[in-house]
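Structure, as structure tokens:
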Amino acid sequence: MNPIRTRSALLLTLVSQAPFALADSAQAGAQGFIEDSTWLLLNRTVYDNREYRHGASNSAARNASKARAERNGYAEEWAYGLMGTLQSGFTQGLIGVGVDAHAYLGVKLDSGGGRAGKARLLSLDHHGEPKDDYSRGGAALKLRLSSTVLSYGEQRLKTPVFSSSDSRLLPETATGLFLTSQALSGLKFVGGHFTESTDRNASSHDRGFVVNYSNAAKGSSFDLAGVVYSGLPNLSASLYTSRYEDTWHQHYLGTTFNQPLGSHRALSLNLNLYRTTDTGKALSGQIDNTTWSLFGTYSQGAHGFSLGYQKVAGDTPFDYVTRGAIFLGNAVQLSDFNAPNEQSWQARYDLDLARWSLPGLALSAAYVRGSQIDGSRVDPHGGYAYLGYGQGGKHWERDLEARYVIQGGAARGLAISLRHNLHRGNPAQAELDADQLRLALEYPLSGHF
């Protein structure tokens, strides 16, 4: 039995049996281009320190110009990012017109001397040196008819197959067309065609697509279509299909279920499944990969206890375009736990200290262990052979985080987070042993025109 067809049929059955109605027209409530406009100014400071253990070497920045034996395993960067975003309203009438625009600036506060590199907060010049500052900006034109919006230009988006990551100093963006429609209550339809994605530390828009693991030639377009269902209480589901030109087809099925269990108790389950096969010229080589994860959380009062399982079935790693398009439970801070044939487990604990008169303070701890990695059958002519996967690969990661958001006063919304991450493994799993310490501060300012 084909598991993807079975799950797709289940989703379609749910959709066909749900009572849908036409959603209210969003355009009917348009107040105007200026009247509905909002702006956001986000200040972010990040200090990122990574040390590569057991002979691992930092191959980026200044170390790249040294002989391999002379490279060190230390990476440290401290930088400030300023992100300005403007979202206009829509003009009134049958078809509303609007514009979304953004401008980003990254400034080096400290780095260099062999320390720059793997943290990758900063943009690098053609000598591999971190720049003192870098910037980029863009805009997208948007049209709205009833409850359907079409955007064209440079934009940020979030889907399981193509998503703009915001996990470092500056966020990713993508250039192309993106369509969303919520004409039916409980359903959202999306579609898109993109010609490039811009990485988090990039200062230009002409580098094609960001691909995470393959080092092969890049395709020149990415297409996606999907439907998101939220018509039943406590349940949501989404189904996507995508095509990375001459590289792969990738399909996704995801479901989330949340069940209250009484006063201050709840259970949630999250399933994510990806199916990837090569297509066209197969620029990254032969790909036949099914990867899925199941993540469950039991919460009681201030406590959250989670268990996760993830499995990769295929002789290539699970790969994805853009840094954020991986909705897998065990894709954590230093590793995605997505090697060929890998299985992994996660245990996680979350604590919200608002119960003890410390609102805004949250602590978390997670441990992930992966094993059964076998990349011995990877296509030797494809884009993954260089990674050097062997047989019997195994590794683990431990992530600790404390996060505090100021709840009131002039500094309301200021978020401070401190993370400490460890990753260890054997050579067959092809990832570096590393210690990471990361401190980040964010202060948002927002308003209406």
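The values are calculated or read from the model by the stated rules, or taken from the named source; none is laboratory data. In this text the structure is predicted, and so the values were computed from the model without any measurement. Heads up, the Cβs are rebuilt from the backbone with ideal geometry, glycines too, and the neighbour counts pull from every protein chain shown.
Exactly one residue out of Ala331, Ala325 is in a loop (DSSP other than H, G, I, E, B) and either β-branched (Val, Ile, Thr) or without any contact (Cβ under 8 Å) to a residue 40 or more places away in the chain (or both): that is Ala331. Annotation note: of Asp319, Asp315, Asp288, Asp278, the sole residue that is closer than 20 Å to Tyr384 by Cβ and within 21 Å of the chain's Cα centre (by Cα) is Asp319. Among the residues examined, Thr195 does not qualify as touching a strand residue (DSSP E or B) at 6+ places or on another chain (Cβ under 6 Å) and crowded, with 17+ Cβ neighbours inside 10 Å.
Against the condition aromatic (Phe, Trp, Tyr) and either at pLDDT 95 or above or under 30 Å from Ser147 (Cβ atoms) (or both), how does Tyr104 come out, does it pass? Taking the combined requirement at face value, the residue satisfies it.
When Gly262, Gly308 are checked against the criterion of being in contact with a Ser or Thr (Cβ under 7 Å, 6 or more places away or on another chain) and either within 23 Å of Val368 (Cα to Cα) or in a loop (DSSP other than H, G, I, E, B) (or both), Gly308 stands alone in meeting it.
Listed here are the residues, each with its yes/no results for (1) under 25 Å from the mean Cα position of the chain (by Cα); (2) in contact (Cβ under 8 Å) with a residue 12 or more places away in the chain; (3) assigned to a loop (DSSP other than H, G, I, E, B).
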{"site": "Tyr404", "(1), (2), (3)": "yes, yes, no"}
{"site": "Gly413", "(1), (2), (3)": "yes, yes, yes"}
{"site": "Ile416", "(1), (2), (3)": "yes, yes, no"}
{"site": "Ala428", "(1), (2), (3)": "no, yes, no"}
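Residue-by-condition table, conditions (1) closer than 17 Å to Val211 by Cα; (2) surrounded by 16 or more Cβ atoms within 10 Å (Cβ to Cβ):
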site: Thr247; (1), (2): yes, yes
site: Ser284; (1), (2): yes, yes
site: Thr291; (1), (2): no, yes
site: Gly301; (1), (2): no, no
site: Val332; (1), (2): no, yes
site: Ser335; (1), (2): yes, yes
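In the set Ser284, Ser364, Ser299, only one residue is at pLDDT 95 or above, closer than 30 Å to Gly219 by Cβ and either outside any strand (DSSP E or B) or not β-branched (Val, Ile, Thr) (or both); that residue is Ser284. Taking the residues in the stretch 337-353 that are of a type in the set (A, V, I, L, M, F, W, C) and under 20 Å from Ala434 (Cβ atoms) as candidates, determine which candidate is surrounded by the fewest Cβ atoms within 10 Å (Cβ to Cβ). Ranking the candidates gives Ala339 first. So which residues in the stretch 130-155 are outside any strand (DSSP E or B) and out of contact with any helix residue (DSSP H, G or I) (no Cβ under 9 Å at 6 or more places or on another chain)? The answer is Lys131, Asp132. Is it true that some residue in the stretch 36-59 is in a helix (DSSP H, G or I), at pLDDT below 90 and within 26 Å of the chain's Cα centre (by Cα)? No, that holds for no residue. When Trp356 is tested against (1) among the hydrophobic types (A, V, I, L, M, F, W, C); (2) more than 28 Å from Tyr386 (Cα to Cα); (3) buried (at least 17 other Cβ atoms within 10 Å of the Cβ), just one condition goes unmet, and that condition is (3).
In summary, Ser203 fulfils each of the numbered conditions (1) under 30 Å from Asp133 (Cα atoms); (2) at pLDDT 95 or above with the single exception of condition (2). Can we say Gly383 is touching a Ser or Thr at 6+ places or on another chain (Cβ under 9 Å) and either surrounded by 18 or more Cβ atoms within 10 Å (Cβ to Cβ) or not acidic (Asp, Glu) (or both)? In short, yes. Taken together, the residues in the stretch 414-432 that are surrounded by 19 or more Cβ atoms within 10 Å (Cβ to Cβ) and in contact with a Gly (Cβ under 9 Å, 6 or more places away or on another chain) amount to 5.
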